[in-house]
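Participant: Submitted below is the structure of interest, expressed as structure tokens.
The values are calculated or read from the model by the stated rules, or taken from the named source; none is laboratory data. Computed from a predicted model, the values in this text were never measured in an experiment. Please note: Cβ atoms are built from the backbone with ideal geometry, for glycine as well, and neighbour counts cover all protein chains shown. Surface areas here come from the heavy atoms of the whole protein model, side chains and all, with no ligands, DNA or RNA. Shrake-Rupley method; radii C 1.70, N 1.55, O 1.52, S 1.80 Å.
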Amino acid sequence: ARYNGLMNAASDEAGQGPDAPVAARMALARFLVGSELSYEAIGVLNNAARAHPALMDDREFRGLRGIARVMARRYKEAEADFSSPALSDDPSSALWRSYINSQLAHWADARQQFSAGTEAFSHFSPTWKARFARGDAQAALALGDLDGANTRINLALADRTDSLERLATRLVQARIIEAQGSKNR
């Protein structure tokens, strides 16, 4: 019912012509991102940007589209959104940049961005906190900082997440243990 209501409002708004507001379309995009319907969110946001090019300078627009692109594993495109000057000083955007950099194996940048985003870390869901911390642990491991990697793995395991997230984190933890020389463990 919520989706249908938002979709109808967005459709009505878009039908008002090029000077129509974008509030309903942004509300639909927020709902889609929150529901992890990334491709749908990207479509809504791209259509809104075509109708209103000024949205490209909007913090919320760039953040939502960047998040949707991360969820769709379109890391290079997400990197472009999070590189927007509108998001340069936002701590939560720094965490997204850290995650993107870890997925692209830009280890030093991942570590730097994670540090810049630590104040926003507690505002995320347990799943995303685990992903951000795991990404930073991978970056620390790649750079030879085993203590830092171990600290981030413990942070990733601190909250309850689903079994697939925990297994992905445990795999990185196993790599850290191996790098520490405990091959039997």
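Participant: Quick one: how many residues across region 163-185 are hydroxyl-bearing (Ser, Thr, Tyr), closer than 13 Å to residue 150 by Cβ and open to solvent by 40 Å² or more (accessible area, probe 1.4 Å)? Steps first, answer last, please.
Facilitator: Pass one, region 163-185, residues hydroxyl-bearing (Ser, Thr, Tyr): 163, 169, 182.
Still in the running and closer than 13 Å to residue 150 by Cβ: 169, 182.
Checking the rest, the ones that are also open to solvent by 40 Å² or more (accessible area, probe 1.4 Å) come to 182.
Total satisfying the criteria: 1.
Participant: Confirm whether residue 68 is closer than 25 Å to residue 127 by Cβ and either over 16 Å from the mean Cα position of the chain (by Cα) or small (Gly, Ala, Ser) (or both).
Facilitator: Details: closer than 25 Å to residue 127 by Cβ: yes; either over 16 Å from the mean Cα position of the chain (by Cα) or small (Gly, Ala, Ser) (or both): yes.
Considered against the rule, which asks whether it is closer than 25 Å to residue 127 by Cβ and either over 16 Å from the mean Cα position of the chain (by Cα) or small (Gly, Ala, Ser) (or both), residue 68 comes out as yes.
Participant: Can you tell me how many residues in region 1-20 are open to solvent by 20 Å² or more (accessible area, probe 1.4 Å) and under 18 Å from residue 65 (Cα atoms)?
Facilitator: Let us first name the residues in region 1-20 that are open to solvent by 20 Å² or more (accessible area, probe 1.4 Å), namely 1-5, 7-9, 11-12, 14-19.
Imposing the further condition that a residue be under 18 Å from residue 65 (Cα atoms) reduces the set to 7.
Residues in region 1-20 being open to solvent by 20 Å² or more (accessible area, probe 1.4 Å) and under 18 Å from residue 65 (Cα atoms): 1 in total.
Participant: Okay, next question. Looking at 11, 83, 88, 93, can you tell me which residue is small (Gly, Ala, Ser) and within 25 Å of residue 126 (Cβ to Cβ)? It would help to see each step written out before you state the result.
Facilitator: On the way: 11 fails: within 25 Å of residue 126 (Cβ to Cβ); 83 fails: within 25 Å of residue 126 (Cβ to Cβ); 88 fails: within 25 Å of residue 126 (Cβ to Cβ).
Residue meeting the stated conditions: 93.
Participant: Here's another thing I want to ask about it. Please determine, by comparing only the residues of region 21-52 that are over 22 Å from the mean Cα position of the chain (by Cα) and assigned to a loop (DSSP other than H, G, I, E, B), which one is surrounded by the most Cβ atoms within 10 Å (Cβ to Cβ). Outline the logic, then answer.
Facilitator: To start, the set of residues in region 21-52 that are over 22 Å from the mean Cα position of the chain (by Cα) comprises 21-24, 50-52.
Still in the list and also assigned to a loop (DSSP other than H, G, I, E, B): 21-22, 52.
On the way: 21: 10, 22: 20, 52: 17.
For region 21-52, the residue satisfying everything is 22.
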